[in-house]
Amino acid sequence: MKTTYLKISQTTNPAELDVLLQPAAEVIKRGGLVAFPTETVYGLGANALDEAAVRAIFDAKQRPADNPLIVHLAEATDMSKYARQIPEMAGQLAAKFWPGPLTLVLEKADVIPLLVTAGSNTVTLRVPKHPIAQALMRLAGVPIAAPSANTSGRPSPTMAEDVRADLDGKIDLIIDGGPTDVGVESTVLDLVLDPPTILRPGKITIEDLRPLLPNVQLLSDMKKISQESLPVRSPGLKYKHYSPNSTVVLIHAKDEASWVAKVNEFVSIAAQKNQQVAIISQFAEPQPLSAHHLILSDASNYAHQLFHAFRQFEQQQVSLILVQAIPETGLGRAVMDRLTRAADEEIWV
Ligand code: TXA
Ligand code: MG
(Lines give C-alpha, C1' and ligand atoms only; values in the text may rest on other atoms or scores of the structure.)
(Ligands and ions follow the chains in the order given, each with its own letter.)
Protein backbone atom coordinates (compact mmCIF):
# COMPACT_ATOMS: atom_id res chain seq x y z
CA MET A 1 0.00 0.00 0.00
CA LYS A 2 1.24 3.48 -0.76
CA THR A 3 1.10 5.79 2.23
CA THR A 4 0.15 9.40 1.50
CA TYR A 5 1.63 12.28 3.53
CA LEU A 6 -0.21 15.41 4.43
CA LYS A 7 1.78 18.15 6.12
CA ILE A 8 -0.23 20.73 8.00
CA SER A 9 1.33 23.92 9.24
CA GLN A 10 0.67 24.99 12.82
CA THR A 11 -0.64 28.33 11.57
CA THR A 12 -3.45 26.82 9.48
CA ASN A 13 -6.77 28.42 10.45
CA PRO A 14 -9.85 26.29 11.27
CA ALA A 15 -11.58 26.88 7.92
CA GLU A 16 -8.46 25.89 5.95
CA LEU A 17 -7.98 22.91 8.26
CA ASP A 18 -11.43 21.59 7.37
CA VAL A 19 -10.64 21.81 3.66
CA LEU A 20 -7.24 20.13 4.04
CA LEU A 21 -8.59 17.36 6.26
CA GLN A 22 -11.65 16.51 4.17
CA PRO A 23 -9.77 13.80 2.19
CA ALA A 24 -8.48 12.30 5.47
CA ALA A 25 -12.04 12.14 6.80
CA GLU A 26 -13.06 10.37 3.57
CA VAL A 27 -10.34 7.75 4.17
CA ILE A 28 -11.76 7.09 7.65
CA LYS A 29 -15.33 6.91 6.30
CA ARG A 30 -14.41 4.33 3.69
CA GLY A 31 -12.66 2.13 6.27
CA GLY A 32 -9.03 3.24 5.82
CA LEU A 33 -6.29 3.98 8.36
CA VAL A 34 -5.11 7.51 9.15
CA ALA A 35 -2.28 8.45 11.54
CA PHE A 36 -2.93 11.83 13.13
CA PRO A 37 -1.46 13.98 15.89
CA THR A 38 -3.12 14.30 19.27
CA GLU A 39 -1.83 16.41 22.16
CA THR A 40 -0.22 13.27 23.68
CA VAL A 41 1.22 11.10 20.89
CA TYR A 42 0.27 10.28 17.29
CA GLY A 43 -2.69 7.92 16.98
CA LEU A 44 -3.50 5.36 14.28
CA GLY A 45 -7.18 5.93 13.61
CA ALA A 46 -10.01 4.02 11.98
CA ASN A 47 -13.80 4.09 12.20
CA ALA A 48 -14.49 2.39 15.55
CA LEU A 49 -17.83 1.08 14.27
CA ASP A 50 -16.28 -0.67 11.23
CA GLU A 51 -14.91 -4.09 12.24
CA ALA A 52 -12.80 -4.56 9.12
CA ALA A 53 -11.17 -1.17 9.64
CA VAL A 54 -10.48 -1.93 13.30
CA ARG A 55 -8.98 -5.28 12.34
CA ALA A 56 -6.65 -3.42 9.96
CA ILE A 57 -5.33 -1.36 12.90
CA PHE A 58 -4.33 -4.54 14.74
CA ASP A 59 -2.66 -5.87 11.57
CA ALA A 60 -0.71 -2.71 10.76
CA LYS A 61 0.62 -2.38 14.31
CA GLN A 62 1.04 -6.15 14.83
CA ARG A 63 -0.91 -5.57 18.00
CA PRO A 64 -2.04 -8.57 20.06
CA ALA A 65 -5.82 -9.00 19.66
CA ASP A 66 -6.35 -9.02 23.44
CA ASN A 67 -5.18 -5.41 23.82
CA PRO A 68 -8.20 -3.07 23.48
CA LEU A 69 -8.28 0.30 21.73
CA ILE A 70 -9.25 3.77 22.95
CA VAL A 71 -12.25 5.30 21.17
CA HIS A 72 -11.79 9.00 20.39
CA LEU A 73 -14.81 11.27 20.29
CA ALA A 74 -15.35 14.74 18.85
CA GLU A 75 -17.56 15.89 21.73
CA ALA A 76 -18.04 14.96 25.36
CA THR A 77 -21.78 14.67 24.67
CA ASP A 78 -21.03 11.65 22.43
CA MET A 79 -20.13 9.72 25.60
CA SER A 80 -23.73 8.55 26.07
CA LYS A 81 -23.77 7.02 22.56
CA TYR A 82 -20.84 4.71 23.20
CA ALA A 83 -21.03 3.96 26.93
CA ARG A 84 -23.89 2.99 29.23
CA GLN A 85 -24.64 3.18 32.95
CA ILE A 86 -22.44 6.27 32.96
CA PRO A 87 -21.72 7.46 36.51
CA GLU A 88 -22.37 11.12 37.21
CA MET A 89 -18.69 11.53 37.95
CA ALA A 90 -17.85 10.83 34.29
CA GLY A 91 -19.74 13.96 33.25
CA GLN A 92 -17.95 16.06 35.84
CA LEU A 93 -14.55 14.73 34.79
CA ALA A 94 -15.37 15.33 31.13
CA ALA A 95 -16.46 18.89 31.90
CA LYS A 96 -13.17 19.57 33.65
CA PHE A 97 -10.64 17.63 31.57
CA TRP A 98 -12.07 17.22 28.04
CA PRO A 99 -10.88 17.97 25.52
CA GLY A 100 -7.62 16.71 26.95
CA PRO A 101 -5.34 13.79 27.85
CA LEU A 102 -7.75 11.85 30.07
CA THR A 103 -9.23 8.50 28.97
CA LEU A 104 -12.21 7.06 30.85
CA VAL A 105 -13.02 3.36 31.17
CA LEU A 106 -16.81 2.94 31.17
CA GLU A 107 -19.36 0.22 30.46
CA LYS A 108 -19.53 -0.38 26.74
CA ALA A 109 -22.61 0.39 24.64
CA ASP A 110 -23.67 -2.34 22.21
CA VAL A 111 -22.70 -0.32 19.09
CA ILE A 112 -19.01 -0.63 19.94
CA PRO A 113 -17.70 -3.87 18.38
CA LEU A 114 -16.11 -6.36 20.79
CA LEU A 115 -13.06 -6.28 18.54
CA VAL A 116 -12.39 -2.71 19.73
CA THR A 117 -12.59 -3.66 23.40
CA ALA A 118 -10.83 -7.02 22.95
CA GLY A 119 -13.91 -8.82 24.21
CA SER A 120 -14.34 -6.66 27.30
CA ASN A 121 -17.70 -5.16 28.32
CA THR A 122 -15.88 -1.90 29.10
CA VAL A 123 -14.80 0.74 26.61
CA THR A 124 -12.22 3.54 26.89
CA LEU A 125 -13.31 6.98 25.67
CA ARG A 126 -11.36 10.17 25.19
CA VAL A 127 -11.92 13.59 23.58
CA PRO A 128 -8.51 14.78 22.37
CA LYS A 129 -7.56 18.43 22.31
CA HIS A 130 -5.37 18.71 19.23
CA PRO A 131 -7.09 20.84 16.54
CA ILE A 132 -6.21 18.32 13.81
CA ALA A 133 -7.65 15.42 15.82
CA GLN A 134 -10.77 17.42 16.60
CA ALA A 135 -11.37 18.49 13.01
CA LEU A 136 -10.75 14.97 11.72
CA MET A 137 -13.30 13.44 14.08
CA ARG A 138 -15.89 16.09 13.40
CA LEU A 139 -15.50 15.72 9.61
CA ALA A 140 -15.48 11.92 9.71
CA GLY A 141 -18.63 11.94 11.84
CA VAL A 142 -17.78 8.61 13.48
CA PRO A 143 -15.96 7.65 16.67
CA ILE A 144 -12.30 6.91 15.90
CA ALA A 145 -10.54 3.94 17.46
CA ALA A 146 -6.88 4.86 17.78
CA PRO A 147 -3.98 3.25 19.55
CA SER A 148 -0.60 4.99 19.44
CA ALA A 149 0.69 4.92 15.84
CA ASN A 150 3.74 2.72 16.42
CA THR A 151 4.49 -0.94 15.81
CA SER A 152 3.48 -2.80 18.97
CA GLY A 153 6.21 -2.69 21.60
CA ARG A 154 8.07 0.26 20.04
CA PRO A 155 8.28 3.77 21.55
CA SER A 156 5.12 5.79 20.92
CA PRO A 157 5.42 8.30 18.06
CA THR A 158 5.66 11.97 18.96
CA MET A 159 6.51 13.11 15.41
CA ALA A 160 5.21 12.13 11.98
CA GLU A 161 8.64 10.74 11.07
CA ASP A 162 8.34 8.26 13.96
CA VAL A 163 5.04 7.04 12.50
CA ARG A 164 6.63 6.80 9.06
CA ALA A 165 9.52 4.73 10.42
CA ASP A 166 7.09 2.07 11.73
CA LEU A 167 4.07 2.20 9.45
CA ASP A 168 5.10 3.46 6.02
CA GLY A 169 3.44 1.30 3.37
CA LYS A 170 1.04 -0.22 5.88
CA ILE A 171 -1.52 2.58 6.29
CA ASP A 172 -3.33 4.98 3.96
CA LEU A 173 -2.35 8.37 5.30
CA ILE A 174 -0.07 10.12 7.77
CA ILE A 175 -1.02 13.64 8.82
CA ASP A 176 2.08 15.54 9.91
CA GLY A 177 1.08 18.19 12.44
CA GLY A 178 4.53 18.66 13.97
CA PRO A 179 5.78 17.34 17.31
CA THR A 180 3.12 16.49 19.90
CA ASP A 181 2.75 18.62 22.98
CA VAL A 182 2.77 16.21 25.95
CA GLY A 183 4.83 13.32 24.56
CA VAL A 184 3.43 10.51 26.75
CA GLU A 185 0.04 8.87 26.33
CA SER A 186 -3.16 9.90 28.12
CA THR A 187 -4.04 9.03 31.70
CA VAL A 188 -6.35 5.98 31.70
CA LEU A 189 -8.87 6.19 34.55
CA ASP A 190 -11.14 3.23 35.26
CA LEU A 191 -14.54 4.41 36.54
CA VAL A 192 -16.04 0.91 36.50
CA LEU A 193 -13.73 -0.16 39.31
CA ASP A 194 -14.54 0.94 42.83
CA PRO A 195 -12.63 2.91 43.95
CA PRO A 196 -11.79 4.63 40.63
CA THR A 197 -8.34 3.51 39.54
CA ILE A 198 -5.65 5.03 37.34
CA LEU A 199 -4.58 2.16 35.08
CA ARG A 200 -1.98 4.25 33.23
CA PRO A 201 -0.54 7.50 34.65
CA GLY A 202 -0.32 10.47 32.28
CA LYS A 203 -0.40 14.23 32.04
CA ILE A 204 -3.59 14.43 34.14
CA THR A 205 -2.14 13.37 37.48
CA ILE A 206 -3.69 11.75 40.55
CA GLU A 207 -3.26 15.14 42.25
CA ASP A 208 -5.32 16.74 39.44
CA LEU A 209 -8.08 14.13 39.89
CA ARG A 210 -8.33 14.11 43.71
CA PRO A 211 -10.45 17.25 44.09
CA LEU A 212 -13.21 15.52 42.08
CA LEU A 213 -12.36 11.95 43.08
CA PRO A 214 -11.02 11.91 46.65
CA ASN A 215 -10.75 8.09 46.68
CA VAL A 216 -8.94 7.72 43.34
CA GLN A 217 -6.05 5.25 43.47
CA LEU A 218 -3.18 4.09 41.29
CA LEU A 219 -3.14 0.55 39.94
CA SER A 220 0.63 0.53 40.48
CA ASP A 221 0.10 1.18 44.21
CA MET A 222 -2.51 -1.56 44.46
CA LYS A 223 -0.05 -3.98 42.90
CA LYS A 224 2.52 -3.12 45.51
CA ILE A 225 0.03 -3.74 48.33
CA SER A 226 -1.59 -6.92 47.05
CA GLN A 227 0.59 -9.93 46.27
CA GLU A 228 -2.23 -11.93 44.68
CA SER A 229 -2.76 -11.26 41.00
CA LEU A 230 -5.25 -8.51 40.30
CA PRO A 231 -7.88 -8.95 37.63
CA VAL A 232 -6.48 -7.92 34.26
CA ARG A 233 -7.85 -4.40 34.01
CA SER A 234 -5.57 -3.02 31.36
CA PRO A 235 -4.38 -5.84 29.16
CA GLY A 236 -1.86 -3.58 27.41
CA LEU A 237 0.12 -3.22 30.61
CA LYS A 238 1.43 -6.76 30.48
CA TYR A 239 3.28 -6.32 27.18
CA LYS A 240 6.81 -5.02 26.77
CA HIS A 241 6.57 -1.41 25.80
CA TYR A 242 8.31 1.64 24.50
CA SER A 243 11.49 -0.27 23.75
CA PRO A 244 14.11 0.81 21.26
CA ASN A 245 16.51 -1.86 19.99
CA SER A 246 19.27 -0.36 22.14
CA THR A 247 19.58 -1.65 25.71
CA VAL A 248 18.02 0.77 28.20
CA VAL A 249 19.39 1.00 31.75
CA LEU A 250 17.45 3.12 34.23
CA ILE A 251 19.67 4.50 36.98
CA HIS A 252 18.23 5.80 40.27
CA ALA A 253 21.05 7.93 41.67
CA LYS A 254 21.00 9.32 45.22
CA ASP A 255 23.34 12.15 44.21
CA GLU A 256 25.37 13.47 41.30
CA ALA A 257 28.63 11.85 42.42
CA SER A 258 27.06 8.36 42.45
CA TRP A 259 25.52 9.04 39.06
CA VAL A 260 28.83 10.12 37.53
CA ALA A 261 30.67 7.11 38.96
CA LYS A 262 28.09 4.65 37.61
CA VAL A 263 27.90 6.26 34.19
CA ASN A 264 31.68 6.29 33.86
CA GLU A 265 31.74 2.61 34.75
CA PHE A 266 29.29 1.79 31.95
CA VAL A 267 31.08 4.09 29.50
CA SER A 268 34.48 2.50 30.05
CA ILE A 269 33.12 -1.03 29.66
CA ALA A 270 31.34 0.00 26.46
CA ALA A 271 34.51 1.68 25.15
CA GLN A 272 36.41 -1.60 25.50
CA LYS A 273 33.76 -3.26 23.36
CA ASN A 274 33.74 -0.34 20.92
CA GLN A 275 30.10 0.32 21.71
CA GLN A 276 28.36 3.68 21.72
CA VAL A 277 26.58 4.92 24.82
CA ALA A 278 23.87 7.59 25.03
CA ILE A 279 22.80 9.41 28.17
CA ILE A 280 19.49 11.01 29.10
CA SER A 281 19.68 12.89 32.40
CA GLN A 282 18.89 15.90 34.48
CA PHE A 283 22.50 16.08 35.67
CA ALA A 284 24.79 17.81 33.18
CA GLU A 285 27.70 15.64 34.35
CA PRO A 286 29.72 13.68 33.40
CA GLN A 287 31.82 16.13 31.38
CA PRO A 288 33.05 16.30 28.68
CA LEU A 289 29.62 15.68 27.27
CA SER A 290 29.21 12.58 25.21
CA ALA A 291 28.04 13.22 21.66
CA HIS A 292 24.83 11.52 22.75
CA HIS A 293 24.07 13.28 26.00
CA LEU A 294 20.55 14.68 26.17
CA ILE A 295 20.07 16.91 29.21
CA LEU A 296 16.42 17.38 30.17
CA SER A 297 15.60 19.82 32.92
CA ASP A 298 12.32 18.44 34.27
CA ALA A 299 9.56 15.83 33.97
CA SER A 300 7.80 17.77 31.26
CA ASN A 301 10.94 17.78 29.09
CA TYR A 302 11.46 14.09 29.74
CA ALA A 303 7.87 13.40 28.64
CA HIS A 304 8.22 15.55 25.56
CA GLN A 305 11.51 14.13 24.28
CA LEU A 306 12.00 10.65 25.67
CA PHE A 307 10.36 8.49 23.00
CA HIS A 308 11.88 10.35 20.08
CA ALA A 309 15.30 10.28 21.74
CA PHE A 310 15.04 6.50 22.06
CA ARG A 311 14.33 6.24 18.35
CA GLN A 312 17.13 8.64 17.41
CA PHE A 313 19.75 6.90 19.53
CA GLU A 314 18.72 3.57 18.09
CA GLN A 315 19.17 4.96 14.57
CA GLN A 316 22.63 6.24 15.51
CA GLN A 317 23.60 2.66 16.38
CA VAL A 318 23.84 3.35 20.09
CA SER A 319 24.11 0.03 22.00
CA LEU A 320 23.34 1.32 25.46
CA ILE A 321 21.09 4.14 26.68
CA LEU A 322 21.63 5.22 30.30
CA VAL A 323 18.68 7.14 31.73
CA GLN A 324 18.60 9.00 35.01
CA ALA A 325 15.44 8.23 37.01
CA ILE A 326 13.39 11.24 38.12
CA PRO A 327 11.07 11.72 41.12
CA GLU A 328 7.70 9.97 40.79
CA THR A 329 5.53 13.00 41.40
CA GLY A 330 3.21 14.87 39.03
CA LEU A 331 4.04 14.10 35.41
CA GLY A 332 7.19 12.33 36.68
CA ARG A 333 4.96 9.37 37.59
CA ALA A 334 3.94 8.89 33.94
CA VAL A 335 7.53 9.31 32.77
CA MET A 336 8.81 6.75 35.28
CA ASP A 337 5.99 4.34 34.36
CA ARG A 338 7.17 4.40 30.72
CA LEU A 339 10.84 4.24 31.70
CA THR A 340 10.46 1.23 33.97
CA ARG A 341 8.59 -0.59 31.17
CA ALA A 342 11.20 0.35 28.57
CA ALA A 343 14.19 -0.50 30.77
CA ASP A 344 16.06 -3.77 30.34
CA GLU A 345 17.66 -3.17 33.71
CA GLU A 346 17.04 -0.87 36.67
CA ILE A 347 19.77 -0.03 39.18
CA TRP A 348 20.04 2.03 42.37
CA VAL A 349 23.32 3.79 43.22
O1 TXA B 1 -2.81 9.36 24.52
C2 TXA B 1 -3.31 8.30 24.18
O3 TXA B 1 -4.07 7.64 24.93
C4 TXA B 1 -3.01 7.77 22.77
C5 TXA B 1 -3.60 8.76 21.78
C6 TXA B 1 -3.47 8.28 20.36
O7 TXA B 1 -4.93 9.03 22.11
N8 TXA B 1 -3.52 6.46 22.59
C9 TXA B 1 -2.94 5.38 23.18
O10 TXA B 1 -3.53 4.17 22.84
O11 TXA B 1 -1.99 5.45 23.92
P12 TXA B 1 -2.84 2.77 23.13
O13 TXA B 1 -3.71 1.78 22.45
O14 TXA B 1 -1.43 2.81 22.74
O15 TXA B 1 -3.01 2.56 24.67
C16 TXA B 1 -4.30 2.33 25.21
C17 TXA B 1 -4.17 1.71 26.57
C18 TXA B 1 -3.65 0.29 26.51
O19 TXA B 1 -2.80 0.06 27.60
C20 TXA B 1 -4.93 -0.54 26.62
O21 TXA B 1 -4.71 -1.81 27.17
C22 TXA B 1 -5.78 0.34 27.53
O23 TXA B 1 -5.49 1.65 27.14
N24 TXA B 1 -7.21 0.08 27.31
C25 TXA B 1 -7.93 0.27 26.19
N26 TXA B 1 -9.21 -0.12 26.37
C27 TXA B 1 -9.30 -0.58 27.64
C28 TXA B 1 -10.34 -1.13 28.44
N29 TXA B 1 -11.57 -1.31 27.95
N30 TXA B 1 -10.06 -1.46 29.71
C31 TXA B 1 -8.84 -1.28 30.22
N32 TXA B 1 -7.80 -0.77 29.52
C33 TXA B 1 -8.02 -0.43 28.25
MG1 MG C 1 0.48 2.32 22.60
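Which ³J(HN,Hα) values, rounded to whole Hz and listed in residue order, are derived for the range 247-253 from phi using the Karplus coefficients 6.51, -1.76 and 1.60 in 6.51 cos²θ - 1.76 cosθ + 1.60 with θ = phi - 60°, glycine and proline given as x?
6, 10, 10, 9, 10, 8, 10
With the other protein chains left in place, how much accessible area per residue, in square angstrom, belongs to the range 248-291 at a 1.4 angstrom probe?
In whole numbers, the range 248-291 has 54 Å² accessible per residue.
Please compute the modelled spin-label separation between Tyr5 and Glu51, points set 7 Å along Cα→Cβ, answer in nm with one decimal.
Calculated label separation equals 3.7 nm.
What angle, in degrees between 0 and 90 and rounded to the nearest 10, separates the Cα long axis of helix 14-29 from the longest principal axis of the Cα atoms of the chain?
The two axes meet at around 80 degrees.
Over the range 1-66, with the other protein chains present, what is the accessible area per residue in square angstrom, probe 1.4 angstrom? It would help to have the intermediate numbers written out before the result.
On the way: 3090 Å² over 66 residues.
Accessible surface, normalised per residue, equals 47 Å².
Please list, in order along the range 299-308, the HN-Hα scalar couplings obtained from phi with the Karplus expression 6.51 cos²θ - 1.76 cosθ + 1.60 (θ = phi - 60°), rounded to whole Hz, x for Gly and Pro.
Once rounded to whole Hz, the list reads 4, 5, 5, 4, 4, 5, 10, 3, 5, 5.
Under 13 Å from a point 7 Å along the Cα-to-Cβ line of Ala284: which residues of the range 247-278 have their amide N that close?
Residues passing the 13 Å test: none.
For the chain, take the longest principal axis of its alpha carbons; what is the angle in degrees between that and the long axis of helix 88-97, to the nearest 10 within 0 to 90?
60
Residues with amide H under 5 Å of His252's amide H, sequence separation 5 or more or different chain, H placed in the peptide plane at 1.01 Å from N; which?
Ala325, Ile347, Trp348, Val349
Compute from the Cα atoms of the range 69-186 the Rg and the Dmax, the latter being the longest Cα-Cα distance, and quote both in angstrom.
Answer for the range 69-186, Rg first and Dmax second: 14.6, 44 Å.
Give the range of the longest stretch in the chain that excludes all trypsin sites (Lys or Arg not before Pro) found in loop regions by DSSP and having at most 12 other beta-carbon atoms within 10 Å. Please list the in-between numbers first.
Numbers: sites that count: Lys2, Arg30, Lys240, Lys254, Lys273.
Here the longest segment lacking exposed loop sites spans 31-239.
Tell me the angle of helix 331-342 to the major Cα principal axis of the chain, expressed in degrees between 0 and 90 and rounded to the nearest ten.
Relative to the chain, helix 331-342 is tipped by roughly 80 degrees.
Kindly flag which residue pairs out of Lys29/Lys129; Lys2/Lys129; Lys2/Lys61; Lys81/Lys223; Lys223/Lys262 have an alpha-carbon separation exceeding 24 Å in this structure.
Listed pairs above 24 Å: Lys2/Lys129; Lys81/Lys223; Lys223/Lys262.
From the mean inverse distance of alpha carbon pairs (Kirkwood) and the Cα radius of gyration, derive Rg over Rh for the range 1-135.
When Rh is taken as the Kirkwood radius, the ratio is 0.96.
Taking Cα pairs under 8 Å and at least six residues apart, what relative contact order does the chain come out at, in percent?
20
With a sphere of radius 10 Å drawn around the Cβ of Pro37, what net charge do the other residues whose Cβ falls strictly inside it have (Lys, Arg +1; Asp, Glu -1)?
Result for the local shell: -3.
Enumerate the amide H contacts of Leu296 below 5 Å, restricted to partners 5 or more residues apart or on another chain; note that Pro and chain-start residues carry no placed amide H.
Ser281, Gln282
Out of the total accessible area of the range 150-228 (probe 1.4 Å, heavy atoms of protein only), what percent is carbon and sulfur?
Percent of accessible area from carbon and sulfur atoms in the range 150-228: 50.
The values are calculated or read from the model by the stated rules, or taken from the named source; none is laboratory data. Because the structure is predicted, anything quoted here is derived from the model rather than measured. Don't worry about glycine lacking a Cβ; one is built from the backbone with ideal geometry, like all the others, and counts go over all protein chains shown. Ligands, DNA and RNA are excluded from the accessible area calculation, which covers all protein heavy atoms including side chains. Shrake-Rupley method; radii C 1.70, N 1.55, O 1.52, S 1.80 Å.
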